[in-house]
Structures are given as structure tokens and as C-alpha cells.
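Presented below is the structure to which this report refers.
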Amino acid sequence: QVQLVESGGGLVQPGGSLRLSCAASGSIVSIYGMGWYRQAPGKEREPVAAITSGGSTNYADSVKGRFTISRDNAKNTVYLQMNSLKPEDTAVYYCNARIRRGSDYVTVDYWGQGTQVTVSS
């Protein structure tokens, strides 16, 4: 069974920083694209940042220059370094990964359970 486990959310003041982590575990053959999404109250889930298996990255315009996505393929982990946080960054953050399972060699999109990020003074 494959699962994604997130950590690193919390309460931070405007201008502060947080680092989110998301580790994949289980029977995994390969991990392709990985990414972060967020959902604020009353809004739809939106993409924040993505990274390919080769390390190419993409960001939402709202976080460019402030957030950095990275991955450690040896640890099956993706990170989101968030700097210069703003109140509008407040949301539940979800990680996503496209994974080929070892049990049946089927490729599936997996989601983490979500971690709350609150930016407030």
C-alpha cells in the first residue's frame, strides 16, 4: 500500500517561513511528477508548485519568488520551502505524486492528508 505523509504546517506570522515535507512510502517502483496544492476555505483546490522526476519546476504566479519546491529521490520526499508568507497563503496544503506501484505496476495519482498553514499576526 502506498501513502503520502505530510508534515511541517503550522501558524506563522506574515513575512515568516515554513517548510513542508511529504514522504511517499510503500511498494513503489517509480515516482514521476510531484507537487503541492492548496485549498483555502470556500475556495477550490489550486496548484501551487510542481517538480518532475528530472527536477524541472513550475510555480503558480502567486508564489513565484517566494516558494521553492524540491525533491529528494533517494528519500521519496518532496519539500516546499515557503518564505515571505502572506495571510492569503493560509490554506490546507496537499502533496500529490504520480507513482507506479510495485504491487501491480499501475501508475496512480496519490494525495497526502493535508496540512494546515495559517499566516496571521
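The figures follow:
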quantity: Longest to shortest principal axis, alpha-carbon extents of the range 75-121, angstrom; calculated: 48, 18, 12
quantity: Nearby lysines by direct alpha-carbon distance to Lys64 (threshold 20 angstrom, same-chain neighbours under 8 apart not counted); calculated: Lys86
quantity: Apportionment of accessible area to carbon and sulfur, the chain, percent (1.4 Å); calculated: 45
quantity: Formal net charge of residues neighbouring Ala40 (Cβ-Cβ distance under 11 Å; K, R +1; D, E -1); calculated: -1
quantity: Accessible solvent surface per residue of the chain, calculated while the other protein chains remain in place, 1.4 angstrom probe, Å²; calculated: 53
quantity: Choice from Ser53, Ser27, Ser103 showing the highest fluctuation, given a GNM over the chain with Cα pairs closer than 10 Å; calculated: Ser103
quantity: Length-normalised contact order for the chain - Cα pairs under 8 Å, 6+ apart - percent; calculated: 36
quantity: Debye, to nearest 20: dipole size of the range 1-114, +1 on Lys, Arg Cβ, -1 on Asp, Glu Cβ; calculated: 160
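The values are calculated or read from the model by the stated rules, or taken from the named source; none is laboratory data. Please read these numbers as outputs of a predicted model, since none were measured by experiment. A quick note on method: Cβ atoms are made from the backbone with ideal geometry, for glycine too, and the neighbour counts reach across all protein chains shown. Just the protein is used for accessible areas: all its heavy atoms, side chains included, with ligands, DNA and RNA removed. Shrake-Rupley method; radii C 1.70, N 1.55, O 1.52, S 1.80 Å.
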